[in-house]
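The values are calculated or read from the model by the stated rules, or taken from the named source; none is laboratory data. Everything numeric here is computed off the predicted structure, so don't read it as measured data. Positions of Cβ are backbone-derived with ideal geometry, glycine not excepted, and every protein chain shown enters the neighbour counts. These accessible areas exclude ligands, DNA and RNA; they are computed on the full protein's heavy atoms, side chains included. Shrake-Rupley method; radii C 1.70, N 1.55, O 1.52, S 1.80 Å.
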Amino acid sequence: MNLLIQSAKITDPASPHNGKVLDVMIENGKITEIKKSIPAGGIKKVVSANGLHVSPGWFDMQANCCDPGFEYKETLQSGIKAAARGGFTGVAVVPSTNPAIYSKSQVEYILGKTAGQVVNIYPIGAISYKLEGNDLAEMYDMKLSGAVAF
């Protein structure tokens, strides 16, 4: 699908277009053109509004996806959908699930359930077993399995 975003302020300090109001053409999910004016021609999807901004994806450092254990509140899949709609490309999920993310198997569960999604999920492991503050969790094993923080 092709998408033309018209008159958007580019907000990206790493871009030579930072701070400029330009048109952005996206073809098959990739930015192919950034210019002052791109004709809409035969493009089916055109986004144009006052105050429109374009930026790199956002990252949420503390998301509660509630899965496993509290899926009636939110699942990993519904969390991914919400994050994507909000412009987030990465989300770190906190360990306050049931069971808490305190072992290698819980980290692998989250990564396996979210592999290949539009939003990257990064598990944060608990420091203590079951979040009880008594015994240390399997931090080394969780790190090797993909936990990014504790």
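Loop-only check: which trypsin sites (Lys or Arg not before Pro) in the range 1-69 are DSSP coil with at most 11 other Cβ within 10 angstrom?
Taking the range 1-69 and a limit of 11 other Cβ atoms within 10 Å, the loop trypsin sites (Lys or Arg not before Pro) found are Lys36, Lys44.
Among the GluC sites (Glu not before Pro) within the range 106-150, which fall in a DSSP loop and have no more than 12 other Cβ atoms within 10 Å of their own Cβ?
Counting only loop positions with at most 12 other Cβ atoms within 10 Å, the GluC sites (Glu not before Pro) in the range 106-150 are Glu132.
Using +1 on the beta carbon of Lys and Arg, -1 on that of Asp and Glu, and nothing else charged, what's the dipole of the chain about the Cα centre, debye to 20?
So the dipole magnitude of the chain works out to roughly 740 debye.
Compute the angle between helix 104-114 and the longest alpha-carbon principal axis of the chain, please, reported from 0 to 90 degrees and rounded to the nearest 10.
It works out to around 30 degrees.
Report, to the nearest whole %, how much of the accessible area of the chain belongs to carbon and sulfur atoms, 1.4 Å probe, protein only.
Solvent-exposed carbon and sulfur of the chain make up 54 percent of the total.
Charges on Cβ only, +1 for Lys and Arg, -1 for Asp and Glu, centred on the Cα centroid of the range 38-150; of Ala84, Ser128, Val46, which one is farthest towards the dipole's positive end?
Result: Val46.
Per residue, what accessible area does the chain have, given a 1.4 Å probe and all protein chains present, in Å²?
With all protein chains present, the chain gives 61 Å² per residue.
What dipole magnitude, in Debye to the nearest 20, does the range 58-109 give about its Cα centre under +1 on Lys/Arg Cβ and -1 on Asp/Glu Cβ?
80 debye
Which of Lys44/Lys113; Lys36/Lys81; Lys30/Lys81; Lys9/Lys81; Lys45/Lys81 have a Cα-Cα distance over 27 Å?
Table pairs above 27 Å Cα-Cα are Lys44/Lys113; Lys36/Lys81.
Just want the answer: with Cβ charges of +1 for Lys and Arg and -1 for Asp and Glu, which residue in Ser103, Met139, Met61 is farthest toward the dipole's positive end in the chain?
Met61
Using +1 on the beta carbon of Lys and Arg, -1 on that of Asp and Glu, and nothing else charged, what's the dipole of the range 1-70 about the Cα centre, debye to 20?
The dipole magnitude comes to about 360 debye.
If you take every DSSP beta bridge whose two residues both sit in the range 11-109, what share of them, in percent to the nearest 5, is antiparallel?
That works out to approximately 55 percent antiparallel.
Along the three principal axes, how long is the chain when you take its alpha carbons, biggest first, rounded to the nearest angstrom?
62, 30, 25
Hey, rough spin-label estimate for Gln62 and Asp135, points 7 angstrom out along Cα→Cβ, what's it come to in nanometres?
With each label point 7 Å from Cα toward Cβ, the separation is 2.9 nm.
Using a cut-off of 18 Å between alpha-carbon atoms, which aspartates and glutamates can reach Lys143, once sequence neighbours fewer than 8 places away in the same chain are excluded?
Candidates past the 8-residue exclusion: Glu108, Asp135.
Just from its helices, what would the mean residue ellipticity at 222 nm be for the chain, if runs of 4 or more DSSP H residues each count -39500 (n - 2.57) and the sum is divided by every residue, rounded to the nearest 500 deg cm²/dmol?
Counting only the DSSP helices, I get -5500 deg cm²/dmol.
Between Asn18 and Ser96, what is the spin-label point distance in nm, taking each point 7 Å from the Cα along the Cα→C-beta axis?
About 3.4 nm separates the two model spin labels.
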